[in-house]
Amino acid sequence: MACLEALTSKFLRRRQAGTGSKGGEFAPVVAMSGRDIENYFAQVESNYKSVSNSFQYYRSVVDELKAISDLHVRPLCELSMPVSQGMRAVGLRHDVDADPRTALRCARYLAQHGMCGSFYLLHTAPYYGEFYGDTFVRTAPLGDWVRGFIVAGCELGLHNDALGVYTLYGRDGIQALRTEIAWLRSYGVRIRGTVAHNSGPVYGAENYEIFSGLTLWPRTVVTGDHRQLPLGRLNPDKEGLMYEGTFARPKLQIDARAASEFFADRATANIQSESWMKRYLLENPSCDWGIDYHFWLLGKDRWVIAGRYRGDTKFEWDVDMHGVARSIAELPEGSRSVLLIHPELVGGTG
């Protein structure tokens with residue numbers, strides 16, 4: 001699995017299969033509705049306990065960023081805009097795989113400090129909703145969480161798992177994504193972008209590849225039940241989407257064989273693998289990046305930094321929060337970076 005986002009997909013697959021955990025994997029999260037909510041969050045806390053920081057850790061990260069005077073913290077919808085002379089830009093990306101409550105705490109803390117983060121709700125997560133036969137039912141508290149994000153003034157979008165809808169549920173993932181975009185907009189959310197969930201090795205394609213112009217190379221990808229995944233079918237302009245928040249882009253020249261081998265290698269795709277993360281973030285054979293640097297929180301005060309700017313290459317593994325702050329303070333003038341935090345990694349009680 002490529003990243004922490006894959007843990008939620010594990011939950012979903014085990015829930016469908018009715019299997020438990022083994023071999024050090026995270027335990028399954030039960031189906032959630034009404035009375036199951038507290039049980040769900042108790043299980044999320046238990047599942048992520050070994051890798052989660054306290055919420056005070058998140059406060060400290062934000063405080064470190066605020067102390068950097070020549071840093072412009074932007075929502076991802078503005079990250080591609082020109083950077084003022086002498087400044088560097090960073091977008092705060094929050095992939096809400098499992099913990100919307102902590103995500104909302106993050107949004108409110110940013111609001112208190114005059115900063116705007118970007119938050120992406122995962123429409124295939126148990127906290128968001130469930131399929132009952134052919135009907136998708138959203139959870140009871142989802143609307144309240146959405147209103148909370150709106151009041152906090154953050155950017156809110158969808159964590160796109162259209163391919164997960166196809167492969168896990170056998171349903172139309174593109175239509176599911178469209179439906180949830182429309183539903184969030186009915187609440188007054190200005191959705192201007194999505195962020196792809198999981199990575200290429202999980203489904204054999206990236207979730208952003210459903211968008212026209214973002215298919216990485218011409219190929220046919222089929223699900224386990226021999227249905228073809230709909231790559232390149234969705235026009236983002238027609239959906240009112242300005243950007244895709246991984247900022248991945250097709251290579252001008254691609255070695256399709258190397259890219260195919262990379263996507264086929266699920267065995268080594270692991271966020272805890274230094275070599276795999278270096279390949280994914282810095283030497284990816286399937287895509288290039290439209291941003292200069294990635295800063296990813298991996299676990300308990302553990303980060304990876306990867307990127308390049310005008311020929312200068314950087315890769316640092318197992319960096320602590322203060323090392324991240326120093327690195328951000330030293331970013332090249334004019335650079336654009338994304339700092340990625342999964343809220344479940346800053347929702348611990350310890």
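The values are calculated or read from the model by the stated rules, or taken from the named source; none is laboratory data. None of the values given here were measured: they were computed from a predicted structure. A quick note on method: Cβ atoms are made from the backbone with ideal geometry, for glycine too, and the neighbour counts reach across all protein chains shown. The protein model used for the area step is the full one, side chains on, heavy atoms only, and it has no ligands, DNA or RNA in it. Shrake-Rupley method; radii C 1.70, N 1.55, O 1.52, S 1.80 Å.
Residues checked against (1) touching a strand residue (DSSP E or B) at 6+ places or on another chain (Cβ under 6 Å); (2) of a type in the set (S, T, N, Q):
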site: Thr268; (1), (2): no, yes
site: Leu281; (1), (2): yes, no
site: Gly290; (1), (2): yes, no
site: Trp303; (1), (2): yes, no
site: Asp312; (1), (2): no, no
| message | Here are the criteria: (1) open to solvent by less than 20 Å² (accessible area, probe 1.4 Å); (2) outside any helix (DSSP H, G or I). Tell me which single one Arg219 does not satisfy. | response | (1)
| In the range 78-131, which residues are hydroxyl-bearing (Ser, Thr, Tyr) and closer than 20 Å to Glu38 by Cβ? | Thr102, Tyr127, Tyr128
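Suppose we filter Asp36, Asp97 for residues that are of a type outside the set (Ser, Thr, Tyr) and closer than 18 Å to Lys300 by Cα; which single one remains? Walk me through it before giving the result.
On the way: Asp36 fails: closer than 18 Å to Lys300 by Cα.
Result: Asp97 is the single residue among Asp36, Asp97 that is of a type outside the set (Ser, Thr, Tyr) and closer than 18 Å to Lys300 by Cα.
For the range 36-151, please list each of the strands (runs of 3 or more DSSP E) lying entirely inside it that holds at least 1 residues being farther than 26 Å from Phe247 by Cα.
129-132, 135-138
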| request: Only residues in the range 129-152 that are open to solvent by 80 Å² or more (accessible area, probe 1.4 Å) count as the first member; pair them with residues that are at pLDDT below 95 and assigned to a helix (DSSP H, G or I), Cβ under 8 angstrom, at least 6 apart or cross-chain, and list the lot. | output: Ala140/Gly34; Ala140/Ile37
| field | Pairs where the first residue, in the range 53-81, is among the basic types (Lys, Arg) and the second is surrounded by 20 or more Cβ atoms within 10 Å (Cβ to Cβ) and at pLDDT 95 or above, C-beta under 6 Å, 6+ apart | value | Arg74/Ala89; Arg74/Gly91
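Select the helices (runs of 4 or more DSSP H) contained entirely in the range 251-350, then report the ones holding at least 3 residues which are small (Gly, Ala, Ser) and either over 21 Å from the mean Cα position of the chain (by Cα) or at pLDDT 95 or above (or both). First the steps, then the outcome.
On the way: elements: 256-264, 274-281, 321-329.
So the answer is 256-264, 321-329.
Going by the structure shown, is Thr268 surrounded by fewer than 12 Cβ atoms within 10 Å (Cβ to Cβ) and farther than 23 Å from Asp292 by Cα? Show your work before the answer.
Details: surrounded by fewer than 12 Cβ atoms within 10 Å (Cβ to Cβ): yes; farther than 23 Å from Asp292 by Cα: yes.
Answer is yes for this residue.
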| task | Go through the range 45-64 and give me each residue that's touching a Gly at 6+ places or on another chain (Cβ under 8 Å) and among the basic types (Lys, Arg). | result | Lys49
